Amino acid sequence: MYSTFFISKSDCMTCTNKTLKSLGTLQGVFGAEVDQIKGIVEVSHTDEVNRAQLATHLLELGYTELKQEDERNSIDYDEPSIWGCAL
């Protein structure tokens, strides 16, 4: 099964790699893709993990899910940090 999350766009490749690695450690997740341009995270998983658990994990990683009724074209980029991307 697939779960798709609409998130704020990000241009930080290091954050994307961290997110993919972290999602891969969850029981039942066997793949994930992050589209930084469209602001989409798509997770391939079994029924061992549900969408709510994935959403909570993404929130812990700093990705707030945007509501589906939000206009997808109006998703803004995250504000750049003066510190860059700190892991």
Inset, instruction - Report whether or not V41 is at pLDDT 95 or above, hydrophobic (A, V, I, L, M, F, W, C) and either surrounded by 15 or more Cβ atoms within 10 Å (Cβ to Cβ) or in contact with a helix residue (DSSP H, G or I) (Cβ under 8 Å, 6 or more places away or on another chain) (or both). - result: no
Legend entry - Some residue of region 19-40 being aromatic (F, W, Y), over 12 Å from L58 (Cβ atoms), touching an Asp or Glu at 6+ places or on another chain (Cβ under 9 Å) and not in a helix (DSSP H, G or I): no
Inset, instruction - Could you tell me whether any residue of region 19-34 is at pLDDT below 90, small (G, A, S) and touching a strand residue (DSSP E or B) at 6+ places or on another chain (Cβ under 8 Å)? - result: no
Legend entry - Lone unmet requirement of (1) assigned to a loop (DSSP other than H, G, I, E, B); (2) within 15 Å of T64 (Cα to Cα) for V49: (2)
Legend entry - Flag for L58 being crowded, with 16+ Cβ neighbours inside 10 Å, modelled with pLDDT of 90 or more and within 14 Å of the chain's Cα centre (by Cα): yes
Inset, instruction - Could you pull out the residue among V34, V29, V49 that is on the phi < 0 side of the Ramachandran plot, in contact with a His (Cβ under 8 Å, 6 or more places away or on another chain) and of a type in the set (V, I, T)? - result: V29
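The values are calculated or read from the model by the stated rules, or taken from the named source; none is laboratory data. Computed from a prediction, not measured in an experiment: that's the story for all the values here. Glycine gets a Cβ as well: all are built from the backbone with ideal geometry, and neighbour counts include every protein chain shown.
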